[in-house]
Structures are given as structure tokens and as C-alpha cells.
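Notes follow the structure.
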Amino acid sequence: MEPILAVTAGLAVGMLFSWLKLPLPAPPTLTGILGAFGVFLGSVIYRMVVR
């Protein structure tokens, strides 16, 4: 359920920023998105190793 809410919120924010003609508050390329995912994944792996 949380991923669906996150995607819905992201869509709403993206549409709002586009409507207001503001720059998107997210990386505009797939590389930037993958980098953000890597940061998240690194955090998850670190927490698993520390346990």
C-alpha cells in the first residue's frame, strides 16, 4: 500500500510543479534516480549487516 501512496504523491507533486512551471524536485534522468535508489539500498544493506 505504501508504494502506491508514494507513487500517487509523486505524481501529484510532479503535476503541480509542472503546472506552476517550476523545476522538478527530483533528478531529471534515469542515472539520478538510480543514484538515489543506490543511496537507499546502501542504507538498507548497512542496517542488515549491523544487526
Step by step: first the residues of segment 18-37, then only those that are modelled with pLDDT under 85 and exposed (fewer than 10 other Cβ atoms within 10 Å of the Cβ), then the one that is nearest to the chain's Cα centre (by Cα). Which residue is that? P25
Are there any pairs, at least 6 apart or on different chains, whose C-beta atoms fall under 7 Å, with the first in segment 1-18 and farther than 16 Å from I33 by Cα and in a helix (DSSP H, G or I) and the second modelled with pLDDT under 90 and of a type in the set (G, A, S), and if so, which? none
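The values are calculated or read from the model by the stated rules, or taken from the named source; none is laboratory data. Quick caveat, the model's predicted, so the values are computed rather than measured. All Cβ positions, even for glycine, are placed from backbone atoms using ideal geometry, and neighbour counts span all protein chains on display.
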